[in-house]
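First up is the structure itself, then whatever we jot down about it.
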């Protein structure tokens, strides 16, 4: 019973590989690697690095059915992690582990993941910090361009509006944004926006004013 | 009361201008100053020149306008043709009142728009 606690009684698989390749493929790969080590220790590996394993053996070790094995092997071959070929009469499927490819794959995976996590963290932390700093920088640039203070304030108030997630400001969401050009356009439009609205006269008022004009004309 | 044929053109034009402005407000139109002046001048001149309105006075013209705006059959417009329609219609009422009193023998106090003088002699 004690052998149940030995490492050979457990299926060990790498989580990051499992996320990328799928659980079954990862289990198969780890089984193949352990087999590879076994063949290596016993000098049974041929010159090209091929070793054999049978479907029945794999099924016993990993509980993967032949169909699942075929699928898993296809995935591993597609990723370039293993190579297979049939050798001998009757033909046996021989496997070769592409160590460098496995290491590369793991490394890539780790890098990608770590950068992803790190990026996430940095983005969150950076954004929380930098949205203020970015805003300050934006304000500095706007005020340094010698436009009217009120105009600058209005401009900043409008363009530093945050998006829903609060990570970006309105001006950052624009495809192109040249502050000086935008300010020039803003200044131009100010005159248009500042136009006094037409005060609506009543019909009677307008008619009376027309009457007064008519009186003068007479 | 001065008859229209005896009115001074300038004074009548001013009175007509007031009347037209009032009418414009009553109708709900917005007539500009130039149109008002033009209409007043033309209409004042017409009232003095036209023999058919010569025996009317300005108060009767005012009354014609008042009734025309309120009870006129057609859609009111600020043009000479409409003014003519209103005055002509009112003139008919006055003539009819004269007929009712003098021919049918009705009590003058009971006949609206009655005036002792016949408009057409």
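The values are calculated or read from the model by the stated rules, or taken from the named source; none is laboratory data. Being a predicted model, the structure only gives us computed values, none of them experimental. Here the Cβ positions follow ideal geometry from the backbone for every residue, glycine too, while neighbour counts run over all protein chains shown.
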Could you please give the count of residues in region B:15-28 that are touching a residue at least 12 places away in the same chain (Cβ under 8 Å) and facing chain A (nearest Cβ under 7 Å)?
3
Confirm whether residue B:31 is outside any helix (DSSP H, G or I), within 8 Å of chain A (Cβ to nearest Cβ) and touching a residue at least 12 places away in the same chain (Cβ under 8 Å).
yes
In region A:43-61, which residues are out of contact with any strand residue (DSSP E or B) (no Cβ under 9 Å at 6 or more places or on another chain) and either part of a loop (DSSP other than H, G, I, E, B) or farther than 16 Å from residue A:81 by Cβ (or both)?
A:43, A:47, A:56, A:57, A:59, A:60, A:61
Filter region B:97-121 down to the residues that are at pLDDT below 85, within 19 Å of residue B:56 (Cα to Cα) and not in a loop (DSSP other than H, G, I, E, B) and list them by number.
B:108
Within the bounds of region B:48-61, is there any residue that is within 18 Å of residue B:25 (Cβ to Cβ), touching a helix residue (DSSP H, G or I) at 6+ places or on another chain (Cβ under 8 Å) and crowded, with 19+ Cβ neighbours inside 10 Å?
yes
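So that you can scan it fast, the table gives a plain yes or no per residue for (1) in contact with a strand residue (DSSP E or B) (Cβ under 8 Å, 6 or more places away or on another chain); (2) under 26 Å from residue A:184 (Cβ atoms); (3) at pLDDT below 85; (4) assigned to a helix (DSSP H, G or I):
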{"residue": "A:127", "(1), (2), (3), (4)": "no, no, yes, yes"}
{"residue": "A:139", "(1), (2), (3), (4)": "no, yes, no, yes"}
{"residue": "A:142", "(1), (2), (3), (4)": "no, yes, no, yes"}
{"residue": "A:145", "(1), (2), (3), (4)": "no, yes, no, no"}
{"residue": "A:154", "(1), (2), (3), (4)": "no, yes, no, yes"}
{"residue": "A:157", "(1), (2), (3), (4)": "no, yes, no, yes"}
{"residue": "A:166", "(1), (2), (3), (4)": "no, no, yes, no"}
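It is to be established whether one or more residues within region B:65-73 are crowded, with 20+ Cβ neighbours inside 10 Å, under 13 Å from the mean Cα position of the chain (by Cα) and within 14 Å of another protein chain (Cβ to nearest Cβ). If you could, list the steps in order and put the result at the bottom.
At the first step, the residues of region B:65-73 found to be crowded, with 20+ Cβ neighbours inside 10 Å are B:65, B:68.
Keeping just the survivors that are under 13 Å from the mean Cα position of the chain (by Cα) gives B:65, B:68.
After this cut, where a residue has to be within 14 Å of another protein chain (Cβ to nearest Cβ) as well, the list is none.
Within region B:65-73 (the criterion being crowded, with 20+ Cβ neighbours inside 10 Å, under 13 Å from the mean Cα position of the chain (by Cα) and within 14 Å of another protein chain (Cβ to nearest Cβ)), the answer is no, since none of the residues qualifies.
Go through region A:3-18 and report how many residues are assigned to a helix (DSSP H, G or I) and either in contact with a strand residue (DSSP E or B) (Cβ under 9 Å, 6 or more places away or on another chain) or touching a residue at least 12 places away in the same chain (Cβ under 8 Å) (or both). Spell out how you get there, then give the answer.
As a first pass, look at region A:3-18 and keep what is assigned to a helix (DSSP H, G or I): A:3-5, A:7-9, A:15-18.
Subset that is either in contact with a strand residue (DSSP E or B) (Cβ under 9 Å, 6 or more places away or on another chain) or touching a residue at least 12 places away in the same chain (Cβ under 8 Å) (or both): A:16-17.
Residues flagged as assigned to a helix (DSSP H, G or I) and either in contact with a strand residue (DSSP E or B) (Cβ under 9 Å, 6 or more places away or on another chain) or touching a residue at least 12 places away in the same chain (Cβ under 8 Å) (or both) within region A:3-18 amount to 2.
Has region A:192-200 got at least one residue that is assigned to a loop (DSSP other than H, G, I, E, B), on the phi > 0 side of the Ramachandran plot, modelled with pLDDT under 90 and away from every other protein chain (no Cβ under 14 Å)?
Quick first cut of region A:192-200, residues assigned to a loop (DSSP other than H, G, I, E, B) only: A:194-200.
Going one step further and asking which of them are on the phi > 0 side of the Ramachandran plot, we end up with none.
The answer is no, given that none of the residues of region A:192-200 is assigned to a loop (DSSP other than H, G, I, E, B), on the phi > 0 side of the Ramachandran plot, modelled with pLDDT under 90 and away from every other protein chain (no Cβ under 14 Å).
So which residues in region B:68-79 are assigned to a helix (DSSP H, G or I) and either modelled with pLDDT under 90 or out of contact with any helix residue (DSSP H, G or I) (no Cβ under 6 Å at 6 or more places or on another chain) (or both), if there are any at all?
Here is the first cut: in region B:68-79, the residues assigned to a helix (DSSP H, G or I) are B:68-71.
Matches in region B:68-79: B:70, B:71.
Do we find that residue A:211 is within 14 Å of chain B (Cβ to nearest Cβ) and part of a helix (DSSP H, G or I) in this structure? Break it down stepwise before answering.
Details: within 14 Å of chain B (Cβ to nearest Cβ): yes; part of a helix (DSSP H, G or I): yes.
The answer is yes for residue A:211.
Residues checked against (1) free of Cβ contacts under 8 Å to residues at least 60 places away in the same chain; (2) out of contact with any strand residue (DSSP E or B) (no Cβ under 9 Å at 6 or more places or on another chain); (3) under 20 Å from residue A:217 (Cα atoms); (4) away from every other protein chain (no Cβ under 14 Å):
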residue	(1), (2), (3), (4)
B:7	yes, no, no, yes
B:13	yes, yes, yes, no
B:61	yes, yes, no, yes
B:77	yes, yes, no, yes
